[in-house]
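One structure is given below, encoded as structure tokens.
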Amino acid sequence: MQDQVYTKPYISDEHAYSVAPMMDLTDRYCRQFHRCLSSEVLLYSEMLTTGAVINGDRDYLLGFDPSEGDVVLQLGGSDPAAMAQSAVIGEQFGYAQINMNVGCPSDRVQSGRFGACLMAEPGVVADCVAAMLDAVQIPVTVKCRIGIDRDDAYEPFLDFVEQIKAVGCDTFIVHARKAWLEGLSPKENRDVPPLRYDYVQRIKQAHPATRFILNGGLQTHEQTLPLLLGSDEHPELDGAMLGRAVYKNPWLLSDVDELYFGKSPVLRSRFDVIEEMLPYIDDKLSAGISLGRISRHMLGLFLGQPGGRLWRRHLSENAWRKNAGVEVLLEARDKVLVAAARVAA
Ligand SMILES: Cc1cc2nc3c(=O)[nH]c(=O)nc-3n(C[C@H](O)[C@H](O)[C@H](O)COP(=O)(O)O)c2cc1C
């Protein structure tokens, strides 16, 4: 990172920096790409419902490559037995942790009685977490909001966390805004309710031995690191989870191993990352996966760089063509190289 202001890296455990679970985005191809950018970042699956895990095509839904490293399986559900059964299946597939979704506000999710509406039912969440903790050896965590609907009180959030903590959950990932279950779309619910990082700081102060991972609206390392490091007024937080900012600008991950995990910096360029992805992509193409399914996650690699738009456009226009192969990626890369050389000249 240029203009680095922090001389002491923030060294913590596996939760120090993670990429948020995002439906339709954080699939296995996305995770492989993100893993090429950081060996330490904790990666999450998309949310899977217990119904899908128990009755669906498991290899398709749950399968992932060991080269993705540590991946957390996020489950959506509210039946303790089904959650426990799904957690066991996830553990058998090799997931590093199980996370329960108590933050998603979509109608579909509310009618299935899981996601953010469960913020109003801490007892149900506690029963699910207890059942999962009983059933698996791997860690079980909860991703929640700070509350639901327009009521602005801190106490229900505290009560929610304390009830889940009482059954043995020691890690909460908090999307630090309320979900308004009526009147806002899921997308609006990720932007409109105001961010309240102070709620997360306050609860960390009340429960210093419990992990609290901050999520919501984080964009840069300059913004994120001070929140984790704490200050005279604010406690240290245990980690940051970023979703949209990383997806849009994946190069953010290239500094994560050094800044958040204290690893020696690795000098690598964006072009090196493409090279690293090639054997994986070749392998997946041979298995019948289309290039577009993988390269769509790589569109932001050159965000803000010379040739970044050419890269995006070339991939968007060509990667979905029938039989598109790695040559499409190499052509896009060459366009960036030409644009970069022009700027340098
Ligand atoms: C397209 C999209 C899909 C999402 N899907 C999920 C999901 O499956 N499970 C979940 O817990 N949160 C989901 N979220 C919410 C994110 O995990 C995260 O909490 C939210 O985007 C706020 O973080 P950010 O501001 O860093 O993006 C999704 C967000 C987006 C943008």
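Could you run through the range 262-311 and say how many residues are under 11 Å from Tyr29 (Cβ atoms) and surrounded by 15 or more Cβ atoms within 10 Å (Cβ to Cβ)?
Residues flagged as under 11 Å from Tyr29 (Cβ atoms) and surrounded by 15 or more Cβ atoms within 10 Å (Cβ to Cβ) within the range 262-311 amount to 13.
Quick one: count up the residues across the range 52-79 that are within 15 Å of the ligand (Cβ to nearest atom) and either touching a residue at least 60 places away in the same chain (Cβ under 8 Å) or touching a Leu at 6+ places or on another chain (Cβ under 8 Å) (or both).
Residues flagged as within 15 Å of the ligand (Cβ to nearest atom) and either touching a residue at least 60 places away in the same chain (Cβ under 8 Å) or touching a Leu at 6+ places or on another chain (Cβ under 8 Å) (or both) within the range 52-79 amount to 11.
Sort out which residues of the range 226-238 are touching a strand residue (DSSP E or B) at 6+ places or on another chain (Cβ under 8 Å) and away from the ligand (no atom under 13 Å from the Cβ), and write them in order of number.
If the condition is that a residue be touching a strand residue (DSSP E or B) at 6+ places or on another chain (Cβ under 8 Å) and away from the ligand (no atom under 13 Å from the Cβ), then Leu228, Leu237, Asp238 are the ones that fit.
Would you check if Arg145 is in the same structural domain as Met47 (by TED's automatic domain parsing) and either under 15 Å from Val200 (Cβ atoms) or small (Gly, Ala, Ser) (or both)?
Judged against the criteria, Arg145 is a match.
Which of the residues belonging to the range 257-274 are β-branched (Val, Ile, Thr) and either within 14 Å of the ligand (Cβ to nearest atom) or assigned to a loop (DSSP other than H, G, I, E, B) (or both)? Working first, answer last.
First pass over the range 257-274, keeping only residues β-branched (Val, Ile, Thr): 266, 273-274.
Within the range 257-274, just Val266 meets the criteria.
Can you find even one residue in the range 96-114 that is closer than 18 Å to Thr50 by Cα, aromatic (Phe, Trp, Tyr) and at pLDDT below 95?
yes
Residues Glu68, Glu121: which one is surrounded by fewer than 24 Cβ atoms within 10 Å (Cβ to Cβ) and more than 30 Å from Ile289 (Cβ to Cβ)?
Glu121
Hey, any hits in the range 193-200 for a residue that's free of Cβ contacts under 8 Å to residues at least 24 places away in the same chain, within 15 Å of the ligand (Cβ to nearest atom), more than 26 Å from Asp79 (Cα to Cα) and in contact with a Leu (Cβ under 9 Å, 6 or more places away or on another chain)?
Yes, the range 193-200 contains at least one residue that is free of Cβ contacts under 8 Å to residues at least 24 places away in the same chain, within 15 Å of the ligand (Cβ to nearest atom), more than 26 Å from Asp79 (Cα to Cα) and in contact with a Leu (Cβ under 9 Å, 6 or more places away or on another chain).
Of the residues that sit in the range 146-165 and are closer than 13 Å to Asp198 by Cα and surrounded by 15 or more Cβ atoms within 10 Å (Cβ to Cβ), which one is nearest to the chain's Cα centre (by Cα)?
Ile146
The values are calculated or read from the model by the stated rules, or taken from the named source; none is laboratory data. Everything quoted here is computed from the prediction, not taken from an experiment. Using ideal geometry, Cβ is built from the backbone for each residue, glycine included, and neighbour counts are taken over all protein chains shown.
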